[in-house]
Amino acid sequence: MRTVTVGVLGSGTVGQDVLNLIERRESVFSDLGVRIEISGVLVRDVNKVRDVPLGTRVTTDLGFLQECGVVIEAMGGVDRPLEMLLPYLRSGRPVITANKALLAERWDVLRDYALAGTLYYEASVMAGTPVIGPMSTVLRASTFTRLQAVLNGTCLYILNQMEGGKNYADALAEAQALGYAETPPTLDVGGFDTAHKLAVLARFCADGNFPYSAVEVQGIEDITQKDIQDARAAGERIKLVAELERQGSGWRATVAPQRLPDNHPLCTAGASRNALVYEGEECGMLIFAGGGAGGMITASAMVGDLLDLLIGFPGHVPLH
Ligand code: NAP
Ligand code: HSE
């Protein structure tokens with residue numbers, strides 16, 4: 001049995017469930033001949049009550065990173081996690097992250113590590129519903145033409161609650177209480193979180209260097225109860241839709257609210273489910289759907305990445 005030391009950055013909605021799931025799947029690690037040792041969990045406030053396995057070393061001291069074989073980043077932000085991870089990545093060690101903002105906005109720095117296979121980030125788009133895995137493997141054989149997706153759980157929740165008559169502010173507060181929303185939630189309702197995710201996906205199917213700044217973004221803040229009820233009366237629903245398609249010799253990436261017919265695959269996936277329609281010349285139209293936000297579903301993808309890493313699979317390699 002070999003011991004793998006894992007350091008975790010962040011123990012909030014996602015980090016806590018990562019720790020709990022690692023403990024829950026102990027026998028699966030054991031079958032691989034591995035014993036996981038959590039060398040430290042970085043937080044801001046050590047006095048906060050946390051739902052983590054007994055004896056977990058929660059600390060504000062980053063020193064444990066030096067002794068880690070693997071780092072799982074679940075703290076969020078852009079500059080701060082990058083600063084913490086860079087010295088570690090430079091030493092060739094692997095990172096598992098759910099942080100689409102970091103991936104989208106600092107690709108200039110991270111791309112080489114992704115190309116080297118040391119970055120694992122299935123959880124960054126659609127949480128535990130696998131899309132990056134297929135895009136970085138089997139789907140490469142098909143010529144990508146277009147994708148259309150609903151990628152933000154907070155916006156889905158708010159729009160769905162508004163269909164039931166709830167007001168925008170109450171619905172947003174509930175999405176925050178459920179652990180779906182980013183800090184600050186403007187990232188969600190302004191469309192930026194969806195744009196982060198679209199940039200991450202575009203690097204697998206369109207252009208390995210696709211810049212986040214190229215995504216045109218509009219959020220849901222101006223959607224009114226009347227807009228929603230007008231759409232319902234016409235047999236339609238309003239969703240925040242991410243789209244990527246060819247434009248001339250390049251690609252056009254947009255995020256904006258759209259009215260979609262009730263029978264559109266992004267609607268039939270279910271009121272609270274993320275969904276993605278992928279079109280390729282050879283593979284035809286594929287539909288991915290499932291939960292896209294929440295602690296345990298996100299943890300399931302991160303622990304899945306950890307298992308891939310231990311089995312010897314590389315991380316998620318974008319287009320060269
Ligand atoms: P969260 O609940 O706010 O947890 C963040 C954790 O990071 C907290 O434990 C916090 O410490 C710690 N932290 C933040 N800044 C820190 C700093 N500068 N130094 C030390 N510790 C710091 O966030 P979350 O919802 O778990 O999200 C974490 C990441 O996962 C984000 O990148 C998010 O985009 C991504 N993600 C989230 C979901 C979801 O549904 N929530 C789904 C997919 C991906 P304290 O606890 O002491 O405050
Ligand atoms: N804030 C994000 C959402 C979390 O609402 O979808 C999952 O990425």
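The values are calculated or read from the model by the stated rules, or taken from the named source; none is laboratory data. Note that this is a predicted model, so its numbers are computed, not measured. Neighbour counts are summed over all protein chains in view; Cβ atoms, including those assigned to glycine, are modelled from backbone coordinates with ideal geometry.
Numerical summary
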item	result
Of all residues in the range 144-188 being free of Cβ contacts under 8 Å to residues at least 60 places away in the same chain and within 9 Å of ligand 2 (Cβ to nearest atom), the one that is nearest to Phe204 (Cα to Cα)	Asp188
Residue tally, condition among the polar types (S, T, N, Q) and either touching a Gly at 6+ places or on another chain (Cβ under 6 Å) or assigned by TED's automatic domain parsing to the domain that holds Arg203 (or both), over the range 119-135	1
Yes/no for Ile238 being touching an Asp or Glu at 6+ places or on another chain (Cβ under 7 Å) and assigned to a helix (DSSP H, G or I)	no
Odd one out for Ile36 among (1) in a strand (DSSP E or B); (2) surrounded by fewer than 19 Cβ atoms within 10 Å (Cβ to Cβ); (3) touching a helix residue (DSSP H, G or I) at 6+ places or on another chain (Cβ under 6 Å)	(2)
Enumeration of residues in the range 35-78 that are in contact (Cβ under 8 Å) with a residue 24 or more places away in the chain, within 12 Å of ligand 1 (Cβ to nearest atom) and charged (D, E, K, R)	Arg50, Asp51, Glu73
Helices (runs of 4 or more DSSP H) within the range 110-202 that include 2 or more residues within 15 Å of ligand 1 (Cβ to nearest atom), crowded, with 16+ Cβ neighbours inside 10 Å and among the β-branched types (Val, Ile, Thr)	153-163
Flag if Arg106 is within 23 Å of Pro184 (Cβ to Cβ), out of contact with any strand residue (DSSP E or B) (no Cβ under 7 Å at 6 or more places or on another chain) and at pLDDT 95 or above	yes
Filtered residue count, the range 72-98, keeping only those that are within 16 Å of ligand 2 (Cβ to nearest atom), outside any helix (DSSP H, G or I) and surrounded by fewer than 24 Cβ atoms within 10 Å (Cβ to Cβ)	4
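Conditions tested, residue by residue: (1) of a type in the set (Phe, Trp, Tyr); (2) assigned by TED's automatic domain parsing to the domain that holds Arg146; (3) at pLDDT below 95; (4) in a strand (DSSP E or B).
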| site | (1), (2), (3), (4) |
| --- | --- |
| Phe204 | yes, yes, no, no |
| Asn209 | no, yes, no, no |
| Ile223 | no, yes, no, no |
| Arg252 | no, yes, no, yes |
| Val255 | no, yes, no, yes |
| Arg259 | no, yes, no, yes |
| Leu266 | no, yes, no, no |
| Tyr278 | yes, yes, no, yes |
| Glu282 | no, yes, no, no |
